[in-house]
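The values are calculated or read from the model by the stated rules, or taken from the named source; none is laboratory data. Remember, predicted model here, so these are calculated numbers, not experimental data. Neighbour counts run over all protein chains shown; Cβ positions are idealised from the backbone, glycine included. Quick note on the areas: whole protein, heavy atoms, side chains included, nothing else; ligands and nucleic acids left out. Shrake-Rupley method; radii C 1.70, N 1.55, O 1.52, S 1.80 Å.
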Amino acid sequence: MVVALAIAAGACAQKTVPLPNESATRFEDFVEPAIPEMFGSYPAAVASHKRGWHFLQTGEFREAQREFQLALKTAPQFFPAETGLGYLELARKDPKAALPHFEKALLINGRYAPALVGGGQAFLALGRDKDALFAFQSAVAVDPSLAGIRRRVDVLQFRGVEQQLASARQAVRDGKLDEAARVYQTAISTSPDSAFLYRELADVEVKRGASDAALDDLQKAVSLDASDTAAMVQIGDVLSSRGDFDGAARWYGEAIVIEPADAIEAKLDAAKARVEASHLPAEYQAIDNAAELTRGDLAALVGIRLPALVQSARKKDAVVVSDVGTHWAATWIVAVVRAGIIEPFDNHTFQPQGVVRRADLAVAMSRVLARLAAEDPNRARTWQASRMRFTDLGPTHLAYPSASMAVAAGVMETGANSTFQPSQVVTGAEALTAVARVEALVADARK
């Protein structure tokens, strides 16, 4: 009787559950644990493992567990089966129980891609995105053919960068520039090939006063994307702020070649103008800070900043001025005199050291505006027809038409209580503002 029971028990122990006929794959995102050649001498473990994976994919979890455990009992170091048990727990929606199985497999073989992928999926289910990203990246490094996992890496990187980006931008809005820079650097370490991250970090560095770091970031952005005109313009802006107008003009020029735009062209023109100005006499560069503008200063401003208008009004008849031969602005004085913008005195002197008053500036600006009328006649008629009211300058005053036109055009401003103050001495800054406003009108007329 005892012998019969023993035989029956042995028969039960050796009995195997037949595999289901269906060849379903319920868990397509699971990476089947490949069996390394080192386990070729364990055919029983290999057979049990394969049966276990088939049962797992058809949803027969109890049979899958039994087969994986049987494989491990046969060969305790058989890490494919340990990995299979990890996937089984994932299928049961228990990622916490799955992790130890993947970890055991990786302790035996740290480069086993199926266990790395499974660990990543468990981390992801537990909300541990950074750990999941690391596991997936490690798997792809081991097996570059894992295209689906590579896409997951991209998604996780983008998700992480999105969160970091929102945090960094909020820090900028809150004025926490050091914190913003740290978060941007973290985002860059996650997504080092994203040019826009370097651009935004550069903005922060500029605000922090670290222009060298900003330039490094922007040049990295351009190296990643040779068509990144936004980064090129930013480089130009940084160089311009440092007084390197030659460098700024080069970068603006490169940006325009790729993406022509009015805003970039305006920056390029401004940089070129500053380059030209840097080669001008020191007297010209000092005009901005002059407490009293001279006639020579005004001639230079108009001649240098508004050359097209000056040339368009140039008279063929020779003009003689006897006292400017050695003056630093002689070339521009002759040009504006020949254009009729600033007139010499009756004795053929220009008196370049004479001070300019607001009435004088208004006359010069109105004559420049008259030259502009040919390009923008509709607007010019509005300026000319305006009859501005000044409390200290009546319509019968000789300077009134010029003052009215200059104010109507927005080139000059009135003082308190609508005063024009015609006899007030003009400063260099005031003259520069007036000329800049004419430049803007010229740009509008030529659009």
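Helix-derived [θ] at 222 nm for the chain: sum -39500 (n - 2.57) over DSSP H runs of at least 4, divide by residue count, nearest 500? If you can, show how the numbers build up before the last one.
Details: 22 runs with 289 residues, N = 447.
Per the formula, -20500 deg cm²/dmol.
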Completion exercise
Magnitude of the Cβ-charge dipole (Lys and Arg +1, Asp and Glu -1) of the chain about the Cα centre, nearest 20 debye, reported as 860
Exercise for the section: Collect residues whose amide H, placed 1.01 Å from N in the peptide plane, falls under 5 Å from the amide H of residue 357; neighbours closer than 5 in sequence don't count. Expected result: 426
Completion exercise
Tilt, helix 43-57 to longest principal axis of the chain (alpha-carbon atoms), in degrees rounded to tens, equals 60
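At 0.36 nm per residue, and after removing the present C-alpha to C-alpha distance, how many nm does the segment from residue 276 to residue 343 gain when stretched out fully?
21.5 nm
Test of understanding: what is the full-extension gain from residue 212 to residue 96, defined as 0.36 nm times their sequence separation minus their Cα-Cα distance? Display every interim value, and only then the final one.
Numbers: separation 116, 0.36 × 116 = 41.76 nm, distance 4.76 nm.
Result: 37.0 nm gained on full extension.
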Problem - Exposure of residue 41 as accessible area (Å², to 10), given a probe of 1.4 Å and all protein chains - result: 90
Completion exercise
Ranking 281, 109, 415 by how far each Cα lies towards the positive end of the charge dipole of the chain (+1 on Lys and Arg Cβ, -1 on Asp and Glu Cβ), the top one is 109
Problem - Å² of accessible area per residue within region 154-283, as computed with a 1.4 Å probe and no ligands counted - result: 53
Fill in the blank from the handout: Given 357-366, 394-403, the highest-first ranking by average Cβ count within 10 Å works out to 357-366, 394-403
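In the chain, what is the volume of the convex hull around the alpha carbon atoms, normalised per residue and reported in Å³? Numbers along the way, then the final one.
Numbers: hull volume 100.2 nm³, N = 447.
Dividing the Cα hull volume of the chain by its residues yields 224 Å³.
Can you compute the FRET efficiency between residue 196 and residue 375 using 1/(1 + (r/R0)^6), with r the Cβ-Cβ distance and R0 = 41 Å? Round to the nearest 0.05.
On the way: r = 40 Å, r/R0 = 0.97.
Once rounded, the FRET efficiency stands at 0.55.
Percentage of Cα-Cα pair distances in region 82-135 greater than 15 Å, rounded to whole percent?
Working: 476 of 1431 pairs.
Result: 33 percent of Cα pairs exceed 15 Å.
Leaving out ligands, DNA and RNA, what percent of the accessible area of the chain is carbon and sulfur, probe 1.4 Å? Walk me through the numbers before you get to the answer.
Details: 12380 of 23510 Å².
It is 53 percent, rounded to a whole number.
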Fill in the blank from the handout: Nearest 10, in degrees from 0 to 90: the angle of helix 358-372 to the longest Cα principal axis of the chain is 70
Handout entry: Dipole of the chain, positive direction: furthest Cα of 345, 177, 293, with charges on the beta-carbon
Key = 177
Handout entry: region 121-227: radius of gyration over Cα atoms, expressed as a fraction of 2.2 N^0.38 Å
Key = 1.20
Practice task
Could you order peptides 45-52, 417-424, 294-301, 236-243 by the average number of other Cβ atoms within 10 Å of their residues, highest first?
Solution key: 294-301, 45-52, 236-243, 417-424
Handout entry: Between region 344-376 and region 96-165, the Cα center-to-center distance that results, in Å
Key = 76
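At a 10 angstrom cut-off on C-beta neighbours, averaged per residue, how do the peptides 186-197, 26-37, 276-287 rank from highest to lowest? All intermediate terms of the calculation are to be shown ahead of the outcome.
Numbers: 186-197: 16.8, 26-37: 14.8, 276-287: 12.7.
So the peptides 186-197, 26-37, 276-287, ranked by packing, come out 186-197, 26-37, 276-287.
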Completion exercise
Helix 245-258 sits off the longest principal axis of the Cα atoms of the chain, rounded to the nearest 10 on a 0 to 90 degree scale, by 60
Fill in the blank from the handout: With the 1.4 Å probe rolled over protein heavy atoms, region 31-84 has an accessible area per residue in Å² of 47
Handout entry: Two-decimal Rg to Rh for region 398-441 - Kirkwood Rh, Cα set
Key = 0.95
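With 29 Å as the limit, write out which pairs from 176/272; 220/272; 73/130; 96/176 have Cα-Cα distances beyond it, or answer none. Show your work: numbers first, answer last.
Values: 176/272 35 Å; 220/272 25 Å; 73/130 34 Å; 96/176 38 Å.
Violating the 29 Å Cα-Cα cut-off are 176/272; 73/130; 96/176.
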